[in-house]
Amino acid sequence: MSVGQKPIFIAILGTDEAKLEQTAQTLMAKMRKIKGVADLEYSQEGANPSTLIKINNELASDLGLSVQQIGSAMRPFVAGDTASYWLAADGQNYEVNVQLPKSGRQRIADLADLSLTSSKIGPDGNPLMVPLRQVVDFVPGFSPQVLKRQALQRRVAIYAATEGRPAGDVDADVKKAMDSMTLPDGVRFDVAGNAQQMAETMNGAITALGIAVVFIYIVLASQFGSFLQPIAIMVSLPMSLIGVLVALLATGSTLNVFSVIGVIMLMGLVTKNAILLVDFTNHGQRDGMSQHDAIMAAGQVRLRPILMTTLAMIFGMLPMAIGLGDGGETQAPMGRAVIGGVITSTLLTLVVVPVAYTYLDSFGKRARRWLRRGHQDDVPAAEKSGVAEAA
């Protein structure tokens, strides 16, 4: 697995290299103790051996040397500098690179013996020649292979994979380890990887779920011509969540993006059973049946089509729930969530929806009678007597 494919990515931002290194090592020590963290890597590992040049600014200034002058002199000494181009007889242009010979740049002592021309004049009237060792200290060290910056700050990164545990659980433990640390001044964490993507996806899925519920209510209210009956129908929605959680727990699946998509699908699937019951009950009451008799008849008549559609959905989603085919295990939580939600919503809908419909329908009838009685009380007495005489 490459670094870019690892689900855990933690960036540490700051300006002080020593503080970044200390923070990274402390966090990695904590992450090694977390169960499920595997293949931990640090972006600064494998740094190249290097030599740091520290200039004595005060002494260099007294001797007539500037930092820019020293740097400009060191570059052609070590890396070389293109002075001009040479046109060969074959018509090709070649760069003329000025550089110390290899034998003169193999040891630090070779560079320390080099002299720079000062801007000050010596007693003999010539510019002073200042050895590098007099104004420069050569310190052995290491330099990173790549320097990364983010938000105008130096960035180091920690990468890790997960093994044996769900990535969400590992991310939660890593977040706790980060929260337990006291960061030095000017250092901060920036979490990316799958944790950030999962959080953004889950927020989007929750928003989509809320919008779906609102639109379902609007459509049902417009079709039934009632603000209360859609509530009785939508009581079946929480019933499906019970089955989703039980199915995921029983199969060892996690609540991931695919299972959340399955929950969104359920919002439209589970309401169909309640719609069959409520619609048939309404027709029965309009035909003169009592509320109780209409509900009992709806349960008996609509039981068969409800079971038929439920079984069709269960067996249709079964191959996905088993995880057949390439990549099937990834999408399996969606099928398992749908099957579990359909089963529990069907069983509980046959009990809960009629009860909710009974209370809401009775409340609606009482509210309508109260409104009609209040409207009649508002009619003036003269109009009432006139209506009575006309009758």
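Grab the helices (runs of 4 or more DSSP H) fully contained in segment 225-337, keeping just those with 3 or more residues being touching an Asp or Glu at 6+ places or on another chain (Cβ under 9 Å).
271-286, 291-322
Regarding segment 190-210, can at least one residue be identified that is modelled with pLDDT of 90 or more and more than 30 Å from Met267 (Cα to Cα)?
Scanning segment 190-210, I find no residue that is modelled with pLDDT of 90 or more and more than 30 Å from Met267 (Cα to Cα), so the answer is no.
When both residues are 6+ apart or on different chains and their Cβ atoms are under 7 Å apart, which pairs have a first residue that lies in segment 358-385 and is within 23 Å of Phe280 (Cβ to Cβ), and a second that is among the aliphatic types (A, V, I, L, M) and at pLDDT 85 or above?
Thr358/Ile295; Leu360/Leu228; Leu360/Ile231; Leu360/Ala232; Phe363/Leu228; Gly364/Leu228
Kindly indicate which of Val136, Val98 is in contact (Cβ under 8 Å) with a residue 40 or more places away in the chain, of a type in the set (Val, Ile, Thr) and either out of contact with any His (no Cβ under 9 Å at 6 or more places or on another chain) or closer than 17 Å to Thr51 by Cβ (or both).
Result of the check over Val136, Val98: Val136.
Please pick out the residue among Leu40, Leu65, Leu13 that is among the aliphatic types (A, V, I, L, M) and more than 27 Å from the chain's Cα centre (by Cα).
Leu65
For Val352, state whether it is crowded, with 17+ Cβ neighbours inside 10 Å and at pLDDT 90 or above.
Judged against the criteria, Val352 is not a match.
For segment 26-46: of the residues being surrounded by 12 or more Cβ atoms within 10 Å (Cβ to Cβ) and acidic (Asp, Glu), which is farthest from Pro166 (Cα to Cα)?
Glu41
Just to verify a result, which residue in segment 12-25, among those that are among the β-branched types (Val, Ile, Thr) and not in a strand (DSSP E or B), is surrounded by the most Cβ atoms within 10 Å (Cβ to Cβ)?
The qualifying residue surrounded by the most Cβ atoms within 10 Å (Cβ to Cβ) is Thr23.
Does segment 47-62 contain any residue that is touching a residue at least 40 places away in the same chain (Cβ under 8 Å), under 30 Å from Arg165 (Cα atoms) and exposed (fewer than 12 other Cβ atoms within 10 Å of the Cβ)?
no
Which one of Ser66, Ser115, Ser103, Ser72 is farther than 27 Å from Glu17 by Cα and surrounded by 10 or more Cβ atoms within 10 Å (Cβ to Cβ)?
Ser115
Hey, could you check segment 200-217 for residues that are touching a helix residue (DSSP H, G or I) at 6+ places or on another chain (Cβ under 7 Å) and of a type in the set (Val, Ile, Thr) and say which is surrounded by the most Cβ atoms within 10 Å (Cβ to Cβ)?
Only one residue fits best here, namely Ile216.
Please list, ordered by residue number, the strands (runs of 3 or more DSSP E) wholly in segment 60-166 having 2 or more residues that are out of contact with any Gly (no Cβ under 9 Å at 6 or more places or on another chain) and not β-branched (Val, Ile, Thr).
In segment 60-166, the matching strands (runs of 3 or more DSSP E) lie at 81-87, 93-98, 115-121, 136-143, 148-150, 153-162.
Tell me yes or no: at least one residue of segment 315-322 is under 25 Å from Tyr357 (Cβ atoms) and of a type in the set (Val, Ile, Thr).
For segment 315-322, residues under 25 Å from Tyr357 (Cβ atoms) and of a type in the set (Val, Ile, Thr): absent.
Does Leu27 qualify as being in contact (Cβ under 8 Å) with a residue 40 or more places away in the chain, closer than 18 Å to Arg155 by Cβ and touching a Lys or Arg at 6+ places or on another chain (Cβ under 7 Å)?
Judged against the criteria, Leu27 is not a match.
The values are calculated or read from the model by the stated rules, or taken from the named source; none is laboratory data. In this text the structure is predicted, and so the values were computed from the model without any measurement. Here the Cβ is made from the backbone with ideal geometry for all residues, glycine too, and neighbour counts use every protein chain on show.
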